[in-house]
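Chemist: What follows is a single structure, and I will ask about it in a moment.
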Amino acid sequence: MSQDRSHRGPVQRRREISDHVLTTGSASASDLAERFGVSPMTIYRDIDELEREGVLRKFRGGVTAQPSGVFESNVAYRKKTMRKEKEALAAKAATLIEPGMSVMIDDSTTVLELARLLPRIEPLTVATNFREALNLLADERGLHLMALGGDYDRLHDSFLGVPCVEAVEALRVDLCFVSTSSVYGDFAFHQEQRIVAVKRAMLKAAGRNVLMIDHSKLGRTALHRLTPLTTFDLILVDDRTPPEVLRGLDESGVRYEVAPT
């Protein structure tokens, strides 16, 4: 371990711990202590602080960026996962949009891939609470971009809370595209109430709703029930979705399409 690294302050060290775990997915406390040249007690203090900030999640003996039923991963980690599947879902979703439509997109990294394709379908009106999507589309002259403001949430890089819900409720759009952390049985779920509140408002504000969800989220549980799958006019899944899951969607009478990766 380099001398200089072990002497870095706690803020810099925690940033580097976060970057390391977001890249690798998980790490043990002992490995982190060795990597950063500090004591296990210091590493545990760092882990406690990163968990308090909502960046990472503790487990016995270490820390992880991976989601659980009550913890959604940091947006930086989610952007790195299931990239091919998300791109396939986005390509399929883009075929549903026609020039002149109004479209609402949520703060999910799945729907962010759709946002990258929207300049090809101009003119459009696009409303979103996702800061990264706003930055991505800000210079597109063919888009009428509407920022759904509220309380800024660093973990999700988006705007949430009552002001955001009220901004959504003031609109009526043609299409709404959302993703979520979990589909279990006949319902969509999410770990966090504040996210659920905004997504529910978005679904009520649209003429048609589309759920974009990769296979890793199917059959996974999360704490808060978002909405029945019948709320969605269409569910887009990728071609790695297990056949038994597709059979379950058939039995539920939910319309779905499979996006080829």
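Chemist: Which residue, of D174, D139, is open to solvent by 20 Å² or more (accessible area, probe 1.4 Å) and within 30 Å of D239 (Cβ to Cβ)?
Modeler: D174
Chemist: Somewhere in segment 103-114, is a residue out of contact with any His (no Cβ under 7 Å at 6 or more places or on another chain) and open to solvent by 40 Å² or more (accessible area, probe 1.4 Å)?
Modeler: no
Chemist: Hey, any hits in segment 28-49 for a residue that's farther than 25 Å from T110 by Cα, assigned to a strand (DSSP E or B), open to solvent by 10 Å² or more (accessible area, probe 1.4 Å) and at pLDDT 90 or above?
Modeler: Yes: segment 28-49 contains one or more residues that are farther than 25 Å from T110 by Cα, assigned to a strand (DSSP E or B), open to solvent by 10 Å² or more (accessible area, probe 1.4 Å) and at pLDDT 90 or above.
Chemist: Looking at segment 142-157, which of its residues are at pLDDT below 95 and buried (at least 18 other Cβ atoms within 10 Å of the Cβ)?
Modeler: If the condition is that a residue be at pLDDT below 95 and buried (at least 18 other Cβ atoms within 10 Å of the Cβ), then G150, D153, H156, D157 are the ones that fit.
Chemist: So which residues in segment 89-109 are polar (S, T, N, Q) and farther than 19 Å from R194 by Cβ, if there are any at all? Before the answer, list the steps.
Modeler: Start the filter on segment 89-109 by keeping residues that are polar (S, T, N, Q), which leaves 95, 102, 108-109.
T95, S102 - these are the residues of segment 89-109 that are polar (S, T, N, Q) and farther than 19 Å from R194 by Cβ.
Chemist: Further question on the same structure: Does V111 satisfy the criteria of being at pLDDT 90 or above, under 20 Å from T180 (Cβ atoms), aliphatic (A, V, I, L, M) and assigned to a helix (DSSP H, G or I)?
Modeler: yes
Chemist: Please tell me if T261 is open to solvent by less than 40 Å² (accessible area, probe 1.4 Å) and among the hydroxyl-bearing types (S, T, Y). Even if it seems obvious, please write down each step before you answer.
Modeler: Values: open to solvent by less than 40 Å² (accessible area, probe 1.4 Å): no; among the hydroxyl-bearing types (S, T, Y): yes.
No.
The values are calculated or read from the model by the stated rules, or taken from the named source; none is laboratory data. None of these values were measured; they are calculated from a predicted model. Positions of Cβ are backbone-derived with ideal geometry, glycine not excepted, and every protein chain shown enters the neighbour counts. The accessibility values were calculated without ligands, DNA or RNA, using every heavy atom of the protein model including side chains. Shrake-Rupley method; radii C 1.70, N 1.55, O 1.52, S 1.80 Å.
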